[in-house]
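One structure below.
The values are calculated or read from the model by the stated rules, or taken from the named source; none is laboratory data. Here the structure is a predicted model, which is why all the values come from computation and not from measurement. FYI the Cβ positions are ideal-geometry reconstructions off the backbone, even for glycines, and counts take in every protein chain you see. When the accessible area is computed, the model is the full protein with side chains, heavy atoms only, and any ligands, DNA or RNA have been set aside. Shrake-Rupley method; radii C 1.70, N 1.55, O 1.52, S 1.80 Å.
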Amino acid sequence: MDTKIGALDVCKPASNEVGSLPNGTAMAIQNSVPSTVINSSEATLGRHLARRLVQIGVTDVFTVPGDFNLTLLDHLIAEPGLTNIGCCNELNAGYAADGYARSRGVGACVVTFTVGGLSVLNAIAGAYSENLPLICIVGGPNSNDYGTSRILHHTIGLPDFTQELRCFQTVTCYQAVVNNLEDAHESIDTAISTALKESKPVYISISCNLAGIPHPTFIREPVPFSLSPRLSNQWGLEAAVEAAAEFLNKAVKPVMVGGPKLRVAHAGDAFVELADASGYALAVMPSAKGLVPEHHPHFIGTYWGAVSTAFCAEIVESADAYLFAGPIFNDYSSVGYSLLLKKEKAIIVQPDRVTIANGPSFGCVLMKDFLRALAKKLNHNNTAHENYRRIFVPDGHPLKCAPREPLRVNVLFQHVQKMLSSETAVIAETGDSWFNCQKLRLPAGCGYEFQMQYGSIGWSVGATLGYAQAVPEKRVLAFIGDGSFQVHLIPFLILIKAKHIST
């Protein structure tokens, strides 16, 4: 059976926006896919969920067993296409699913009721901040316990089963509580498809006594999703491109800067196409490192205000026009809101909206469509890049360490730089590892992940497990050190993973 999902894009126009397309979000069934009848004794909720995970590209699920999810885990483990990865605690399972989703496009974790759900909550919040589709599955109370006012273990001792659900409502885009089999099929499918369409985590609670019970709704092999594609408002797209081209073609030394929402907009290739066509100097925000090819001939470095890579800020801030694709201007990325940028010089391109300087804003215009159409309208202008080449001075080499001299960070990272290739990936922890890894020049194909928006210390440990499991062909270099960073920790933690991850 073809297990590929369809396009995962859905347009979400503002409700009162002029020229917006109506929200055509829908999930259709692919009629051409054969539907296989399953033995009635095997037509269980647990099997259906396992098959759904495999269909969307999840081949590894990160779990912590508990008495509320044991039967469900038995069914997940029985699925040949799914590998159970046991984790030492729920937080690391969530972090691992986060790292997995960064490479595979979607991840999943399974924990137990309340004590496990509240433990994994922090990781789910981080995935929400990074726009990662993550399926968080919780083994819930017995369906017969609902409405009985019974007090269950693994809770805070109140006869209230909704505490966990209420916590997840603010950090997931959809919540499904499956405590009866009649609507279980619909609830599970809606949750998973919503995660894919919204590129956000979802919460699925499954009563512990239901996972192994057959039901007629699961009698056939689940048909792969066919999700309606996102479409730009064609009139809005044409108007946005015309206005942006007029704005940029009048500029003397325009630049373009990539932001972290390039990932959720699936616009990385379109961004590079625009750079190739326009000749503009190309920079990246610190939170988008790894999303923009640093081997591109017009790449000038990381734009991070006063702590930008050498000569990058001078070129960006002196430009008379700048295009930011998918930016997030928070206190981290703006260095305490100190960036020397002027709104009247900027074009801000978000995943489904374009704003030009102090002027018009165009909604329901997809970033990738806009960038590709704009590339055909711009005059070639490499003035900013030529200015960068005139002032650029290559980095010097650090002095060699004398025998028995303490290892210096600059010497260490000189060696790390030599390790990087298309067959490696870097995972950088919150804190000092951020700043040092920002200085690495990533070769073509080298992965790079960190969590700049949420900044959870400890994220990199679980994320390394998940990322390495998703891309076994890559060597993953994990840099683990927070704000109280000690230099000797980095080489130790790289070496301790040597058998599976790095050397």
Between the DSSP loop rule and a limit of at most 16 other Cβ atoms within 10 Å, which chymotrypsin sites (Phe, Trp or Tyr not before Pro) in the range 381-425 are left? Phe392
How would you order 77-87, 170-180 from highest to lowest mean count of nearby Cβ atoms within 10 Å? 170-180, 77-87
Tell me which trypsin sites (Lys or Arg not before Pro) from the range 380-433 have a DSSP coil assignment and no more than 16 other beta carbons within 10 Å of their own. Lys400, Arg404, Arg408
Whole number in Å², please: accessible area per residue of the chain, 1.4 Å probe, ligands, DNA and RNA not counted. 42
Length-normalised contact order of the range 215-310, Cα under 8 Å, at least 6 apart, in percent, tallies to 22
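With Cβ to Cβ distances under 11 Å as the rule, what net charge do the other residues near Ile315 carry (K, R +1; D, E -1)?
Charge balance near Ile315 sits at 0.
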Taking only C-alpha pairs under 8 Å that are 6+ residues apart, what is the relative contact order of the chain in percent? 17
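What ranking do 450-456, 105-111 get when scored by the average of other Cβ atoms within 10 Å per residue, highest first? It would help to have the intermediate numbers written out before the result.
Working: 450-456: 20.4, 105-111: 27.6.
Ranked by mean Cβ neighbours within 10 Å, highest first: 105-111, 450-456.
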Okay, helix-only estimate at 222 nm for the chain: each DSSP H run of n ≥ 4 adds -39500 (n - 2.57), divide by all residues, round to 500 deg cm²/dmol; what do you get? -9500 deg cm²/dmol
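Antiparallel DSSP bridges in the chain: what percent, to the nearest 5?
20
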Calculate, axis by axis, the spread of Cα positions in the range 38-221 along the three principal axes, and write the results as whole Å, longest axis first. 41, 38, 28
Measure nothing fancy, just the Cα-based angle from helix 268-278's long axis to the longest principal axis of the chain, in degrees from 0 to 90, nearest 10. 20
Output the 0 to 90 degree angle, nearest 10, between the alpha-carbon long axis of helix 90-104 and the longest principal axis computed from the alpha carbons of the chain. 60
Considering only Ile348, Ala310, Val202, whose Cα is most displaced toward the positive end of the charge dipole of the chain, charges sitting on Cβ of Lys, Arg (+1) and Asp, Glu (-1)? Ala310
Return the loop-located trypsin sites (Lys or Arg not before Pro) in the range 237-324 (DSSP other than H, G, I, E, B) with at most 13 other Cβ atoms within 10 Å of their own Cβ; answer none if there are none. Lys250
Under DSSP loop assignment and at most 14 Cβ neighbours within 10 Å, longest GluC sites (Glu not before Pro)-free interval of the chain: 183-422
Leu53, Leu91, ranked by accessible area, largest first (probe 1.4 Å): Leu91, Leu53
Along Cα→Cβ, 7 Å out, is where each label goes; now give me the distance between the ones at Ile156 and Arg408 in nm to one decimal. 5.2
Taking all protein chains as present, what is the carbon and sulfur share of the accessible area of the chain, in % to the nearest whole number, probe 1.4 Å? 55
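When a/c is below 1.5 the answer is rounded, else prolate if a/b is larger than b/c, else oblate, so apply that to the range 41-110 with a ≥ b ≥ c taken from the square roots of the Cα gyration tensor eigenvalues. Could you put the intermediate results ahead of the total?
Numbers: a/c = 2.50, a/b = 1.24, b/c = 2.02.
Note, shape of the range 41-110 comes out oblate.
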For the range 376-450 and the range 68-121, what is the separation of their Cα centres, given in Å? 34
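Using the C-alpha gyration tensor of the range 309-408, what are the square roots of 5 times its eigenvalues, in whole angstrom, with the largest one first?
Working: eigenvalues 253, 66, 40 Å².
After scaling each eigenvalue by five and taking roots: 36, 18, 14 Å.
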